[in-house]
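Novice: Pasting a structure below so you can have a look.
The values are calculated or read from the model by the stated rules, or taken from the named source; none is laboratory data. Everything numeric in this text was worked out from a predicted model, so none of it was measured. FYI the Cβ positions are ideal-geometry reconstructions off the backbone, even for glycines, and counts take in every protein chain you see. Accessible surface areas use protein heavy atoms only, side chains included; no ligands, DNA or RNA. Shrake-Rupley method; radii C 1.70, N 1.55, O 1.52, S 1.80 Å.
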Amino acid sequence: MKRSVKIHTPQQIEQARAAGHAAAQVLAMIAPHVQPGMTTEQLDNLCHDFIVNELKVIPANIGYQGYTRTTCTSVNHVVCHGIPSTKTLKKGDIINIDIGIIKEGWYGDTSRMYFVGEPSVRARRLVDITYQAMAAGIHRVKPGATLGDIGAAIQRVAEGAGFSVVREYCGHGVGQIYHDEPQVLHYGTPGEGLVLQPGMIFTIEPMINAGKAGTSVLSDGWTVVTKDRSLSAQWEHTVAVTENGFDLLTPWPDGTGDYPTI
């Protein structure tokens, strides 16, 4: 049976915000550690210790459907769900770090892209366009808009730049359940799909490929890669629908730096 989309009270949104802020703190903490010579396992351990010892909240990913790590670390042509390992980061790599935490029963879910040293021009452009695509989707969020409006806005930015939108993975409702309704596709047709209402909470997390949209899953059962081994980028924020627009529940505590504020 399909779950209905939850409408949250203002008090519940504040609880979701506290969880979102905690998750965003982890991504700010790890930023200076993303350096050539670091392994993704070392980054994962730093995130784990910060979540448990500093924030005193629960890593949401450990044990989730059998997953054993705190973060997903997706490097270069890895689209999502990369498992931290002893593989060493090198100059020019791009990496997405995806965090999930539980604070007082509420899930915080967010991810960011990082450059390892100086990226190639194409890699930087892919990461920038993916951020712009996410932002375009977020700015469509308001009561009466549809999920199709969000997907279409993301698709327009990504494909307009010559890139492609991954189809198999999407954003999702989040709150007291990690992955809930609705499913938020990152492509679509304006005016189609679920009509947004105040109190809905969900993630917007487009995965954009430099090459073709096709993906495959490696034999570990988790790691998703581009079929053509082209670079892939992803950003993720959690948003709540408000009476007149959206509320970003996972803002970066360290500021957006070179990226436009959403």
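Novice: Just checking, which of Ala158, Ala152, Ala123, Ala133 is of a type in the set (A, V, I, L, M) and free of Cβ contacts under 8 Å to residues at least 40 places away in the same chain?
Specialist: Every option except Ala152 fails the conditions.
Novice: Among the listed residues Arg125, Arg140, which satisfies the condition of being farther than 27 Å from Ala16 by Cβ, open to solvent by 10 Å² or more (accessible area, probe 1.4 Å) and either more than 19 Å from the chain's Cα centre (by Cα) or not hydroxyl-bearing (Ser, Thr, Tyr) (or both)?
Specialist: Arg125
Novice: Still on this structure, I have one more. For segment 38-82, how many residues meet the condition of being touching a residue at least 24 places away in the same chain (Cβ under 8 Å), of a type in the set (Gly, Ala, Ser) and open to solvent by 50 Å² or more (accessible area, probe 1.4 Å)?
Specialist: Count: 0.
Novice: Could you tell me which of the residues Lys87, Lys103 is among the charged types (D, E, K, R) and farther than 28 Å from Ile201 by Cβ?
Specialist: Every option except Lys87 fails the conditions.
Novice: Here is a further query. Can you tell me which residue within segment 243-262, out of those that are free of Cβ contacts under 8 Å to residues at least 60 places away in the same chain and either in contact with a helix residue (DSSP H, G or I) (Cβ under 7 Å, 6 or more places away or on another chain) or polar (S, T, N, Q) (or both), is least open to solvent (accessible area, probe 1.4 Å)?
Specialist: Thr256
Novice: (1) open to solvent by 10 Å² or more (accessible area, probe 1.4 Å); (2) more than 22 Å from Asp220 (Cβ to Cβ): which one isn't true of Ala22, the others all being true?
Specialist: Failed condition: (1).
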